1. Can you spot a residue in region 17-30 that is within 15 Å of Gly83 (Cα to Cα), open to solvent by less than 30 Å² (accessible area, probe 1.4 Å) and small (Gly, Ala, Ser)?
2. Sort out which residues of region 81-103 are within 12 Å of the chain's Cα centre (by Cα), closer than 13 Å to Ala45 by Cβ and in contact (Cβ under 8 Å) with a residue 40 or more places away in the chain, and write them in order of number.
3. Between a residue in region 28-47 that is touching a residue at least 40 places away in the same chain (Cβ under 8 Å) and any residue that is assigned to a loop (DSSP other than H, G, I, E, B), which pairs come within a Cβ distance under 6 Å, given they are 6 or more apart or on different chains?
4. Could you please find all residues in region 35-49 being open to solvent by 10 Å² or more (accessible area, probe 1.4 Å) and either within 12 Å of Leu113 (Cα to Cα) or not in a helix (DSSP H, G or I) (or both)?
5. Does any residue in region 105-120 that is surrounded by fewer than 22 Cβ atoms within 10 Å (Cβ to Cβ) come within less than 8 Å, Cβ to Cβ, of a residue that is of a type in the set (Phe, Trp, Tyr) six or more places away or on a different chain, and which pairs are these?
6. Report whether or not Ser11 is open to solvent by 10 Å² or more (accessible area, probe 1.4 Å), closer than 18 Å to Arg117 by Cα and assigned to a helix (DSSP H, G or I).
7. Identify, please: which residue in region 83-104 is modelled with pLDDT under 85 and part of a helix (DSSP H, G or I) and is, among those, surrounded by the fewest Cβ atoms within 10 Å (Cβ to Cβ)?
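The values are calculated or read from the model by the stated rules, or taken from the named source; none is laboratory data. Fair warning: this is a prediction, and the values are worked out from it, not measured in the lab. Heads up, the Cβs are rebuilt from the backbone with ideal geometry, glycines too, and the neighbour counts pull from every protein chain shown. Heads up: the accessible areas ignore ligands, DNA and RNA and are worked out on the full protein's heavy atoms, side chains in. Shrake-Rupley method; radii C 1.70, N 1.55, O 1.52, S 1.80 Å.
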Amino acid sequence: MYKINRLRDYSMIMLAFFAQVFLSDFLKVGGIRPNLMIMMTVFFALFTDERFGLEVGFVCGMILDIFSLRLFGLNTILFSFAGYFIGRFNSKIYRESIITHAIMIFAASFFILSLYRLFIGIQNKYLVSYLSFGFIFSPVVFLSAAYNSFLGVFVYTLLNRILRLGETSIL
């Protein structure tokens, strides 16, 4: 089990946030930017439990909400749900696998991004007429989730080496 050190963990989250802000233009592919906060939420939720997953999701969402001009609290709620549910079921999956991390990052990204689009569309009275299955689950959501999943493999490997969590496996 991963030993929680809040100062180290939250410092890493803040570092990931600043990397997301300052490096996202360099990592942008086809207009799609990676979301390192989703990757951090999934990583810590998989290696701890649902309480710390919820806590990390809350902190990551709150950081994004503070620096966002959209609905305040939406990221906090969505990231908290994702962190809680991934942490809840982490004992039932093989969390040392790179593929598991990629799948969990894809699922969390797809969940967060599609619900974010739904709530922003509901909030914006001009977009309500465009609310449809195609708007909420657009190719942008799928491609963003796939890109986050791809980069998440490298982030997982880096965090695993920094925190010395042990062996990883591809499967």
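1. The answer is no; no qualifying residue exists.
2. Within region 81-103, Ala82, Gly83, Ile86, His101 qualify.
3. Leu46/Arg95; Phe47/Tyr2
4. Within region 35-49, Asn35, Asp49 meet the criteria.
5. So the pair list comes out as Phe110/Phe142; Phe111/Phe81; Ser114/Phe137; Arg117/Phe135.
6. No: the conditions fail for Ser11.
7. Among those residues, the one meeting the criterion is Lys92.
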